[in-house]
Amino acid sequence: MDRDEKPAEEVGPPFPGGTVAQEAWARIQAMDDWVIERQIELTTIPAPPFGEGPRGERVRELFGELGLKQVRTDREGNVLGRWDPENAPVRAEVSETLPLVVSAHLDTVFPAGTDVTPTHDGNRISAPGITDDGRGLGAILALARLVSEHPFPISRPLFFVATVGEEGPGDLRGVRHLFAGGPELGPVSGFISLDGVGLDRIIHRGVGSTRLRIEIDGPGGHSWTDYGRPNPIDALGALVSRAGSFPLPEQPRASMTFARWGGGTSINSIPQKAWVEVDLRSEGAGELESLEGRLMEACREEVEKASKGQPHASRLHLAVKDLGRRPPGATDPSQRLVQAAVEATRRLGEEPQLVSSSTDSNLPMSLGIPAITLGAGGRGGGIHTTDEWFENTKGPEGILRALLTILFLEESGFSVEPGNGPLR
């Protein structure tokens, strides 16, 4: 059989009624081993920040093997492939004929040289990146294969995209390029990101972030003979203490985390430089901007306070560097894309959880494009650690949920009949 499918008798009893969803469920079960093999294969190809090329090349090969059209790698490193429906009916609204984007991200948080060899313990597969986002990549390949091999009632084109730069240092550079107004995508009707595991969460709000490196320089000197000169570490300590008492809004929620700091050269020296990195987050653009403004004002005041009364040559100097900015955004819960995901989740017997997070969907949300992020089924843990793991418990259901979400977007009266399987 093609691509190592399970024989039909292993699929289990068919659903009554012969609906599209029941046929899809049988096909998803039959290709489950193939999906897991692709998930593992791609995980074993390292994709550190700004080093996603080899993994992207393999995804490009797979897109071609699955029959997608216009398969290519763009200038930023995103891999794209297009599926067009055959004999699609003419839709009354232009928005209903625009492509829908289905994506997962290529990159991981792990630096070059990290051992990504998978280990197996029963149903558990452990490897850095196996869940985030090896699972998402396996799922978009499964969806591409499903629509290429079976005439599902989908009347809009689908763009399958494996993006670069989703993780922290990448600063969403992949989706920024996709939606920068160039020719890569053109107008789209919506955006679905498959990221990680699970069946109930629907991310429809994007948490924005501003990441800064605050550096304070001074003349430094000997810890005894030059004592009294302004100390950059003292100034930073005062800043961190002061900022920690800032009142933060609860709605929209905001957070401020001083994540890393350092400075100095020896135990018996006044340091010439000290630095701290801070992560600001909020679901509201105004709140994020306001928090940054308060922090910058505190920076200037603490540097001025530490330099007060000092000759010009002994004063401290402030520099602030951008490490990344992710825009906040939201897709209204009443929007059809969110409602389609809610309905698909409920049909699998799960209670939808409408939540916020920071994913590739932030960027299209910020532009007013309907966007959501879904887990791709299964269970996982140890995310962003070398102990990351995945278990294929209800893994196929995650792929079915993504497909049902696409189908529920259609206006063709698509319905799901309860059956002898995951559908409720």
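With r as the distance between the Cβ atoms of R346 and L248 and R0 = 35 Å, compute the FRET efficiency 1/(1 + (r/R0)^6) and round to 0.05. Display every interim value, and only then the final one.
Numbers: r = 35 Å, r/R0 = 0.99.
Calculated value: 0.50.
Could you sort the peptides 76-86, 216-226 by per-residue average Cβ neighbour count (10 Å cutoff), highest mean leading?
Details: 76-86: 19.5, 216-226: 16.4.
Sorting 76-86, 216-226 by mean packing, highest first, produces 76-86, 216-226.
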Under the helix-only model (-39500 (n - 2.57) for each DSSP H run of 4 or more, divided by the residues of the chain), the mean residue ellipticity at 222 nm, to 500 deg cm²/dmol, is -9000 deg cm²/dmol
antiparallel share of DSSP beta bridges within the chain, to nearest 5, in %, is 70
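Counting other beta carbons within 10 Å of each Cβ, put H105, H384 in order, fewest first. Walk me through the numbers before you get to the answer.
Details: H105 28, H384 15.
The fewest-first ordering by Cβ neighbours comes to H384, H105.
Out of the DSSP beta bridges found with both residues in segment 94-221, what percent are antiparallel (nearest 5)?
Working: 3 of 13 bridges.
Given both bridge residues lie in segment 94-221, the antiparallel proportion sits at roughly 25 percent.
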Taking the Cα centre of each part, how many Å lie between segment 30-68 and segment 116-155? 9
Most packed first (mean Cβ within 10 Å per residue), the peptides 122-135, 200-213, 20-33 order as 122-135, 200-213, 20-33
For the chain, find the longest principal axis of its Cα atoms and tell me its angle to the long axis of helix 53-65, 0 to 90°, nearest 10. 10
What FRET efficiency do you get for E23 and H120 if R0 is 25 Å and r is their Cβ-Cβ distance, rounded to the nearest 0.05? 0.20
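What share of the DSSP beta bridges in segment 208-326 is antiparallel, in percent to the nearest 5?
Percentage antiparallel, nearest 5: 95.
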Modelled label-to-label distance, E289 and V355, 7 Å Cα→beta-carbon offset: nm? 3.0
Roughly speaking, what is the centre-to-centre gap between segment 358-411 and segment 309-347 when only Cα atoms are used, to the nearest Å? 20
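How high is the relative contact order of the chain? Use alpha-carbon pairs under 8 Å, at least six apart in sequence, and give a whole percent. Before the final figure, lay out the partial values.
Values: 949 pairs, mean separation 88.4, N = 424.
After rounding, I find 21 percent.
Just so you know, all these numbers are worked out from the coordinates, no wet-lab data involved. Nothing here was measured: the structure is a model prediction, and the numbers come from that model. Counting neighbours? That spans all protein chains shown, and the Cβs are built from the backbone with ideal geometry, glycine included.
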